Amino acid sequence: AGAEAGGEGGEGQIVSISFEVFGKVQGVFFRKHTKMQADRLGLKGFVFNTRQATVKGQVEGRREKVAAMEEWLRTQGSPKSRIDRLVITSRSSSSSLSFSSFDVRK
């Protein structure tokens, strides 16, 4: 089935990352801003607060968009947040999306 996939360099490839952000990332609208950024980039997945005062989530979409989101999570975040570090806990690729939207989970 992959024979007609021309020279597009993995155009149809969906990349997924699971992440955890450490720092001052709760009570600073981090999840809301993460959703806004994900929607802007056309990414799917979810984000939630943990009991350990971190934020975890999963993001999936086109490789370059996921890379842009990863950079945003590492360096930007919400205006009042302070990101100490971003840990990518898993990385995978697939030919289809697992999620239909990007959601903030409680």
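The values are calculated or read from the model by the stated rules, or taken from the named source; none is laboratory data. In this text the structure is predicted, and so the values were computed from the model without any measurement. Virtual Cβ from ideal backbone geometry, glycine too; neighbours counted across all protein chains shown.
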Selection over segment 1-54 where residues are surrounded by fewer than 18 Cβ atoms within 10 Å (Cβ to Cβ) and either of a type in the set (D, E, K, R) or modelled with pLDDT under 95 (or both) yields a count of 19
Looking across segment 59-97 at residues that are part of a loop (DSSP other than H, G, I, E, B) and modelled with pLDDT of 95 or more, the single one that is surrounded by the fewest Cβ atoms within 10 Å (Cβ to Cβ) is 79
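With respect to residue 59, is the statement that it is out of contact with any Gly (no Cβ under 7 Å at 6 or more places or on another chain) and within 12 Å of residue 18 (Cβ to Cβ) true? Explain how you work it out, then say what you get.
Numbers: out of contact with any Gly (no Cβ under 7 Å at 6 or more places or on another chain): no; within 12 Å of residue 18 (Cβ to Cβ): yes.
No, not satisfied.
I'm checking my understanding of the structure. Among residues of segment 21-78 that are hydroxyl-bearing (Ser, Thr, Tyr) and touching a helix residue (DSSP H, G or I) at 6+ places or on another chain (Cβ under 9 Å), which one is nearest to residue 96 (Cα to Cα)? Show your work before the answer.
Step one: list which residues in segment 21-78 are hydroxyl-bearing (Ser, Thr, Tyr), which gives 34, 50, 54, 75, 78.
Pick out the ones that are also touching a helix residue (DSSP H, G or I) at 6+ places or on another chain (Cβ under 9 Å) and you get 34, 78.
Values: 34: 22, 78: 29 Å.
Ranking the candidates gives 34 first.
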Residues of segment 49-106 being more than 11 Å from residue 34 (Cα to Cα), within 15 Å of the chain's Cα centre (by Cα) and among the acidic types (Asp, Glu), in sequence order, are 60, 64, 71
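Just to be sure, is residue 102 of a type in the set (Phe, Trp, Tyr) and closer than 14 Å to residue 20 by Cβ?
On the way: of a type in the set (Phe, Trp, Tyr): yes; closer than 14 Å to residue 20 by Cβ: no.
Criteria not met by residue 102.
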